[in-house]
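**Student:** Okay, here's the structure, questions in a sec.
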Amino acid sequence: MITRRTMLRGLGATAIGLPFLEEMALAAGSRAPVIPVRAFNLFFGLGIPAPLQREEFEGVLEPLQPLSGKLLIMRGIDQVRCDEGGMNAHFDGASGAFTATPPNGEARAGGASIDQVIRQATHPGGMPPGMVPTLVGGTFFRRSRISRYVHSYNEDGTVAAAMQEKPRDLFDRVFGKLDHGGEDLRRERLKRSVLDSVVDQYRHLTGPNSPLGTASKARVAEHLDRIREFEQRAFAMKHRDENGPGMPPRSQVPHGGPADPGGQGIDLTLEELTTEWRLMADLYALAIQMDRARFGSLTFLAAGERIRLTGDYRYNGRRVFAFDDARQRNATGEKGCSHEWWHAFNEGRKNEQLRAHAHMKMRELAYFLGRLDETTEANGRSILENSLLTISTESGDGRHNDSKRELSGVFHAVTGANGRFKTGRFMDLEAEGLDVYNTMLAAMGARGRLGPANREHRPVDAIRA
């Protein structure tokens, strides 16, 4: 019998999930379809100044408009309680994203993140076999403190899972590794796919004795073709490592120490950035579609990210902007990075460069959200609609001379979580992030709460459906 938990199992840790098939619904009889609880935190660096959020889809949020009916965009969320003396939002605000608590030292958050509270409440005995307990990935470069780029935390503030920042590492985390006896892994992986170890099961499901109908056979074949495509894309890419071989081709992005050389920033083209990110986004979305991951976080550019971006930026067929940060800043090193446009924000000016960068970030987040919206589940809703995706960042203003202003109006958006939250609108909440997060946890059926135990709970019920 084919069920939601059916997997193709191969060598070692290899386990390949299947897409939703009609036969899975039939196996459940007349019962209402059970949609798994999922919670993911989606972080983007540097934020959107609160005044720009009021422009709604006429401004930098334009790329989210095609998905607007499936999002609740919340304004006026205050994260001031996360302020840590002597720090700025690139550290304390980033640590407070999805936790609503100040950091606990430089290597810990102040408490659990939303996804982990929900995971513990939903699966107190551990995740089902064959699943990645928590999947953490991202495309980022600044790494001086872990909370700049990791956004899933346990109750004690430790990271919930290791960060996977290279496409091939994320692929291996989801599908498992094959042992090739010490031979060059990349060369062998290009010759042999993890799918090769499940080929007999694949042939059974698509052959004449398969329990599947014609349409489902085609979906399985298409599904595994996509896995092979992403695997080949991931393992065809080389990555710079501080202990690895010499300088890679210019089209490759750096990782490790070379990604953050003394905090001075790196030169990057828009094509390099988006090629890397979109492969990561594709792989992460595939893990969710295959039901290999239900909890975790994904990062697009770190808090306080320092890159000097170049390249023409286009959206919907029109040229939006020509990125050339160092030249437009007339500076080198850290002062030539896009980061500085946030420091120079002024409500009375055009803020043209900042707007272009923020618009581009929304385009790339929308790309990932769109991948999740492609798959329809048994209840007729997409994975995007059925899941809780919380989108946030470190600050509501990039200027560091007023911590209250910096940590107020922090951008937040959520998906509907299978009908639990209102969508298709903007809401001006004027509420603490802690109260918003705890309201979300209550709606998801989690008894756990964030923040001080003796603090009065102030529900923000306006967000609940």
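**Student:** Out of the residues in the range 155-169 meeting the condition of being buried (at least 19 other Cβ atoms within 10 Å of the Cβ) and part of a loop (DSSP other than H, G, I, E, B), tell me which one is modelled with the lowest pLDDT.
**Tutor:** Going through the qualifying residues, I end up with Lys166.
**Student:** Given (1) touching a Leu at 6+ places or on another chain (Cβ under 7 Å); (2) of a type in the set (A, V, I, L, M, F, W, C); (3) within 26 Å of Pro254 (Cβ to Cβ); (4) buried (at least 24 other Cβ atoms within 10 Å of the Cβ), identify the lone condition not met by Leu354.
**Tutor:** Every condition holds for Leu354 apart from (1).
**Student:** Out of everything in the range 55-70 that is under 23 Å from Arg318 (Cβ atoms) and either in contact with a Gly (Cβ under 9 Å, 6 or more places away or on another chain) or of a type in the set (D, E, K, R) (or both), what residue ends up being surrounded by the fewest Cβ atoms within 10 Å (Cβ to Cβ)? Talk me through it step by step, then tell me what you get.
**Tutor:** Residues of the range 55-70 under 23 Å from Arg318 (Cβ atoms): 55-68.
Imposing the further condition that a residue be either in contact with a Gly (Cβ under 9 Å, 6 or more places away or on another chain) or of a type in the set (D, E, K, R) (or both) reduces the set to 55-56, 58, 62, 66-68.
Values: Glu55: 13, Glu56: 16, Glu58: 9, Glu62: 18, Pro66: 14, Leu67: 19, Ser68: 17.
So, considering only residues that are under 23 Å from Arg318 (Cβ atoms) and either in contact with a Gly (Cβ under 9 Å, 6 or more places away or on another chain) or of a type in the set (D, E, K, R) (or both), the one surrounded by the fewest Cβ atoms within 10 Å (Cβ to Cβ) is Glu58.
**Student:** Ok, one more. Of the numbered conditions (1) surrounded by 19 or more Cβ atoms within 10 Å (Cβ to Cβ); (2) touching a Phe, Trp or Tyr at 6+ places or on another chain (Cβ under 7 Å), Val37 satisfies every one except a single condition; which is it?
**Tutor:** Status for Val37: all satisfied but (2).
**Student:** How many residues does the range 253-268 hold that are touching a residue at least 40 places away in the same chain (Cβ under 8 Å), surrounded by fewer than 17 Cβ atoms within 10 Å (Cβ to Cβ) and outside any helix (DSSP H, G or I)?
**Tutor:** Initially, the range 253-268 is screened for residues touching a residue at least 40 places away in the same chain (Cβ under 8 Å), giving 253-255, 259-260, 263-268.
Right, trim to surrounded by fewer than 17 Cβ atoms within 10 Å (Cβ to Cβ) and you get 263-264, 267.
Next cut, outside any helix (DSSP H, G or I) only: 264, 267.
Of the residues in the range 253-268, 2 are touching a residue at least 40 places away in the same chain (Cβ under 8 Å), surrounded by fewer than 17 Cβ atoms within 10 Å (Cβ to Cβ) and outside any helix (DSSP H, G or I).
**Student:** Right, next: Please state which of the following conditions Ala442 fails to meet, knowing it meets all the rest: (1) in a helix (DSSP H, G or I); (2) among the aliphatic types (A, V, I, L, M); (3) touching a Ser or Thr at 6+ places or on another chain (Cβ under 9 Å).
**Tutor:** Going through (1) in a helix (DSSP H, G or I); (2) among the aliphatic types (A, V, I, L, M); (3) touching a Ser or Thr at 6+ places or on another chain (Cβ under 9 Å) one by one, Ala442 breaks only (3).
The values are calculated or read from the model by the stated rules, or taken from the named source; none is laboratory data. All figures in this text were calculated on a predicted structure; none of them were measured in a lab. Using ideal geometry, Cβ is built from the backbone for each residue, glycine included, and neighbour counts are taken over all protein chains shown.
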